[in-house]
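Heads up: the structure comes next, in structure tokens.
The values are calculated or read from the model by the stated rules, or taken from the named source; none is laboratory data. Keep in mind that what you see is a predicted model, and the values were worked out from it rather than measured. FYI the Cβ positions are ideal-geometry reconstructions off the backbone, even for glycines, and counts take in every protein chain you see. These accessible areas exclude ligands, DNA and RNA; they are computed on the full protein's heavy atoms, side chains included. Shrake-Rupley method; radii C 1.70, N 1.55, O 1.52, S 1.80 Å.
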Amino acid sequence: MFHLPIRPRRNRKSEGIRGLIRETSLSAANLIYPMFVQEGTENTPIPSLPGCTRWSVAGLVEECRRLIDLGITTVDLFAVVPDDKKTPTADEAWNPDGIIPQAINALKNALPDITIMTDVALDPFNSDGHDGIVEFRPDGTYEILNDETIEILCRQALCHADAGADIISPSDMMDGRVAAIRATLDSEALDNVSILAYTAKYASALYGPFRGALESSPKAGDKKTYQMDPANIREALREAELDINEGADMLMVKPATLYLDVIAAMRSHCNLPIAAYHVSGEYLMLKSAAASGWIDERSATLETLLSIRRAGADMILTYAAPQAAQWLREQ
């Protein structure tokens with residue numbers, strides 16, 4: 001026997017002791033479920049996101065009843081928009097009779113205690129597939145117009161808030177949009193509506209399945225002039241300072257698992273709640289590996305979500321939310 005007065009394994013010798021000293025927890029209350037809602041009465045499975053659905057309004061309400069039973073009380077709504085309603089100026093984005101206001105009204109009437117977050121960006125509504133208004137030039141180049149886009153984002157945010165949204169979540173990455181949305185909401189006595197800012201949304205290769213779900217890929221070019229360079233972390237902290245000063249209530253890092261260092265840095269840098277978006281590509285990698293039999297889906301998914309919490313995220317947006325909540329209940 002070695003003389004080892006310090007044996008760290010003593011703190012790991014039983015589940016009871018491991019539970020006593022566990023530093024990070026994961027529960028259904030930490031999970032937000034991104035949901036896609038479409039016109040009509042059909043609920044359509046999404047090929048690019050196994051286990052996820054484009055919901056009708058009625059189907060959305062019934063699925064949210066199930067989510068609440070699982071302990072998930074917050075959903076994030078994304079609009080699936082038919083091509084004939086997409087325009088270069090994204091006019092459908094602020095239609096008070098549009099699919100998102102319809103969904104908010106239906107959910108609040110049926111489930112008044114549910115917390116509704118809505119995505120605020122133009123790409124589902126923009127015929128050019130960008131998060132902002134596109135100006136095409138005679139020489140073939142183009143620019144995403146920042147200030148003109150913000151005017152439309154404010155109308156969209158006001159439309160959602162008027163319908164009863166609890167949290168507005170601008171995902172567009174335009175400069176100054178948090179301040180403009182905050183001022184717009186406050187001017188209409190909607191100062192109780194929260195803003196969860198996509199503070200550090202990176203120009204990631206992992207958004208493909210999501211764009212397939214919404215059919216919202218850019219028709220030309222990419223999103224690198226407004227989404228962040230994956231090489232940068234100090235820039236994320238600068239964006240955090242700006243969003244805090246502009247009135248954001250919560251900040252987000254997106255994607256999550258490839259950017260755990262950014263989550264940790266933001267957690268150290270500020271005191272606002274931090275959200276992390278476990279994006280479609282991250283979700284699909286787990287699903288695909290599990291389908292191939294190389295990993296255990298339950299263990300790998302819960303470990304992944306726990307790692308995001310450990311990095312400093314207070315809440316996680318994930319397509320795995322319903323299944324993860326069920327697994328957590330069974331533990």
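When we screen Ala180, Ala157, Ala165, Ala161 for residues that are in a loop (DSSP other than H, G, I, E, B) and at pLDDT 95 or above, the only hit is Ala165.
Identification of strands (runs of 3 or more DSSP E) wholly contained in region 87-148 with 3 or more residues that are within 18 Å of Ala161 (Cβ to Cβ) yields 115-120. Is there a residue in region 278-301 that is within 19 Å of the chain's Cα centre (by Cα) and in a loop (DSSP other than H, G, I, E, B)? Scanning region 278-301 turns up at least one residue that is within 19 Å of the chain's Cα centre (by Cα) and in a loop (DSSP other than H, G, I, E, B). Taking every residue in region 153-178 that is closer than 19 Å to Asn105 by Cβ and pairing it with any residue that is among the aromatic types (Phe, Trp, Tyr) and modelled with pLDDT of 95 or more, at least 6 positions away or on another chain, the pairs with Cβ-Cβ distances below 8 Å are Arg155/Trp94; Gln156/Trp94; Leu158/Trp94; Cys159/Trp94; Ser169/Tyr198.
Quick grid of which residues meet (1) part of a loop (DSSP other than H, G, I, E, B); (2) touching a Lys or Arg at 6+ places or on another chain (Cβ under 8 Å); (3) aromatic (Phe, Trp, Tyr); (4) modelled with pLDDT under 95:
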residue	(1), (2), (3), (4)
Leu185	no, no, no, no
Ile195	no, yes, no, no
Pro218	yes, no, no, yes
Asn232	yes, no, no, no
Leu242	no, no, no, no
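All conditions but one from (1) under 18 Å from Glu246 (Cα atoms); (2) in contact (Cβ under 8 Å) with a residue 40 or more places away in the chain; (3) open to solvent by 20 Å² or more (accessible area, probe 1.4 Å) apply to Asp191; the one that does not is (2). Taking residues in region 290-314 that are open to solvent by less than 70 Å² (accessible area, probe 1.4 Å), and partners anywhere that are in a loop (DSSP other than H, G, I, E, B) and of a type in the set (A, V, I, L, M), the pairs with Cβ atoms closer than 8 Å and at least 6 places apart or on different chains are Thr301/Ala320; Leu302/Leu26; Leu305/Leu26; Leu305/Ala320; Leu306/Leu26; Ile308/Ala256; Arg309/Leu26; Ala313/Ala256. The set of residues from region 297-307 being farther than 16 Å from Gly51 by Cα and touching a helix residue (DSSP H, G or I) at 6+ places or on another chain (Cβ under 7 Å) comprises Ala300, Leu302, Thr304, Leu305, Ser307.
Go through (1) out of contact with any Phe, Trp or Tyr (no Cβ under 9 Å at 6 or more places or on another chain); (2) open to solvent by less than 20 Å² (accessible area, probe 1.4 Å); (3) of a type in the set (Val, Ile, Thr) for Thr115 and report which single condition fails. All conditions pass for Thr115, except number (2).
Yes/no matrix, rows are residues, columns are (1) touching a strand residue (DSSP E or B) at 6+ places or on another chain (Cβ under 8 Å); (2) over 15 Å from Leu317 (Cβ atoms); (3) of a type in the set (Lys, Arg); (4) modelled with pLDDT of 95 or more:
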{"residue": "His3", "(1), (2), (3), (4)": "no, yes, no, no"}
{"residue": "Arg10", "(1), (2), (3), (4)": "no, yes, yes, no"}
{"residue": "Ser25", "(1), (2), (3), (4)": "no, yes, no, yes"}
{"residue": "Tyr33", "(1), (2), (3), (4)": "yes, no, no, yes"}
{"residue": "Val37", "(1), (2), (3), (4)": "yes, yes, no, yes"}
{"residue": "Leu60", "(1), (2), (3), (4)": "yes, yes, no, yes"}
{"residue": "Thr73", "(1), (2), (3), (4)": "yes, no, no, yes"}
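This table checks each residue for (1) farther than 27 Å from Gly132 by Cα; (2) assigned to a loop (DSSP other than H, G, I, E, B); (3) free of Cβ contacts under 8 Å to residues at least 24 places away in the same chain; (4) open to solvent by 20 Å² or more (accessible area, probe 1.4 Å).
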| residue | (1), (2), (3), (4) |
| --- | --- |
| Ser48 | no, yes, no, yes |
| Ala58 | yes, no, no, yes |
| Glu62 | yes, no, yes, yes |
| Leu67 | yes, no, no, no |
| Asp76 | no, no, no, no |
| Asp84 | no, no, yes, yes |
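Is it the case, given these coordinates, that Arg18 is open to solvent by 20 Å² or more (accessible area, probe 1.4 Å) and assigned to a strand (DSSP E or B)? In short, no.
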